Amino acid sequence: MKPLNLIPADVNIAFIVKRKLFFAFSTILLVASIGLVLTQGLNFGIDFKGGILIEVRTSEPADIADMRTKMSGLGLGDISLQNFGEDTDVLIRVQRQEGGDEAQQEAVNAIKGVLGEGVNYRRTEFVGPQVSQELLEDGILAVSLAMLAILVYIWFRFEWQFGVCAVLALVHDVISTIGIFALLGLEFNLSTVAAVLTIAGYSINDTVVVFDRVRENLRKYKTMPLPELLNISINHTLSRTIITSLTTLIALLALYFLGGEVIRDFSFAMIWGVVIGTYSSICVAVPLLMYMGLDERARGSIAGDDTEADARP
């Protein structure tokens, strides 16, 4: 059985020649993302701006839609509901109310009033500004440490030039994802941080595949000009990259449209991440190698003792 190839095996798209166009687009995307975050800000969820957590258990499977409708008219601002564990268990998150503890308690009482009898309130907690600030700092730290770990991994597996290019591409993906959340006003919470970390993992996996082919071709075609070598490396892995991205997108689109409101923002972040991660692996990470000093000495170090004859593909 022949392998599935959505892209012809002999394809030769001139990615490296168009690198300045890709860099210009990425620069505009990054500047716009940073500008949106600075001017409009992010729509932080309860995790990062504080609020009320209420855990309830119903006698029968909970009707999330009905509960959400009842609470939407209370004027309490952002309210999110989600099942966890059994289908009778519901976690309710309400944004922090203006005022002190009395205002928070009034919000809890209002929710209890609309939910009525037959609901067991198992836990009620108030997430204060200090806790939410710690969660935000921990989220930033988690993303930063992930970037550092990826840099070290790529550095040891390949060369430092590859590590720097991979991390620059990941920063591109993370900033653009945050920017799209600022643009659309989507809720930015711990689930979004999890999505960003997942995006980083997906993107680096795709980048490593292309980098591995680059390293292989550096050993195989030692006298080939670097732009041509990088271009054929991208084209050799293009079919695999497109198939992987499309299959991942199919699953994510199903989650987005059928998974319900609770995971919709997470699914959207993942969809955007797959698209922008695929783009950055092809159009940012590899073309950046042109400017990382892969001269004859560096290429000789990567090639090692391999003495295979140079031959054009």
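The values are calculated or read from the model by the stated rules, or taken from the named source; none is laboratory data. Since we're looking at a predicted model, the values are computed, not measured. Here the Cβ positions follow ideal geometry from the backbone for every residue, glycine too, while neighbour counts run over all protein chains shown.
On the given criteria, is ARG93 surrounded by fewer than 16 Cβ atoms within 10 Å (Cβ to Cβ) and not assigned by TED's automatic domain parsing to the domain that holds VAL214?
no
Of everything in the stretch 176-233 that's part of a helix (DSSP H, G or I) and among the acidic types (Asp, Glu), which residue is surrounded by the most Cβ atoms within 10 Å (Cβ to Cβ)?
ASP206
Considering only residues of the stretch 80-90 that are of a type outside the set (S, T, N, Q) and closer than 12 Å to LEU53 by Cα, which is surrounded by the fewest Cβ atoms within 10 Å (Cβ to Cβ)? If you could, list the steps in order and put the result at the bottom.
So the first thing to find is which residues in the stretch 80-90 are of a type outside the set (S, T, N, Q), and the list is 81, 84-87, 89-90.
Now narrow it down to the ones that are closer than 12 Å to LEU53 by Cα: 81, 90.
On the way: LEU81: 19, VAL90: 23.
Looking at residues that are of a type outside the set (S, T, N, Q) and closer than 12 Å to LEU53 by Cα, I get LEU81.
Please verify whether ARG19 is of a type in the set (D, E, K, R), at pLDDT 80 or above and over 20 Å from SER191 (Cβ atoms), treating the condition exactly as stated.
Criteria met by ARG19.
Which number in (1) closer than 30 Å to GLY139 by Cα; (2) at pLDDT 90 or above marks the one condition that GLY50 misses?
(2)
Inside the stretch 20-36, can you point out the residues that are within 18 Å of the chain's Cα centre (by Cα) and farther than 18 Å from TRP272 by Cβ?
Residues satisfying the conditions do not exist here.
I'd like to check something: does the stretch 266-280 contain any residue that is under 30 Å from ASP78 (Cα atoms) and modelled with pLDDT under 90?
Looking for residues that are under 30 Å from ASP78 (Cα atoms) and modelled with pLDDT under 90, one finds at least one in the stretch 266-280, hence yes.
Every residue, every condition in (1) within 27 Å of PHE22 (Cβ to Cβ); (2) part of a helix (DSSP H, G or I); (3) out of contact with any Pro (no Cβ under 9 Å at 6 or more places or on another chain); (4) modelled with pLDDT under 85, yes or no:
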{"position": "THR244", "(1), (2), (3), (4)": "yes, yes, yes, no"}
{"position": "THR247", "(1), (2), (3), (4)": "yes, yes, yes, no"}
{"position": "ALA254", "(1), (2), (3), (4)": "no, yes, yes, no"}
{"position": "CYS283", "(1), (2), (3), (4)": "yes, yes, yes, no"}
{"position": "LEU289", "(1), (2), (3), (4)": "yes, yes, yes, no"}
{"position": "GLY293", "(1), (2), (3), (4)": "yes, no, yes, yes"}
{"position": "GLY300", "(1), (2), (3), (4)": "no, yes, yes, yes"}
{"position": "THR307", "(1), (2), (3), (4)": "no, no, yes, yes"}
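Between ILE199, ILE204, which is of a type in the set (Val, Ile, Thr), in contact with a Gly (Cβ under 8 Å, 6 or more places away or on another chain) and assigned by TED's automatic domain parsing to the domain that holds LEU294? Talk me through it step by step, then tell me what you get.
On the way: ILE204 fails: in contact with a Gly (Cβ under 8 Å, 6 or more places away or on another chain).
On inspection, the qualifying residue turns out to be ILE199.
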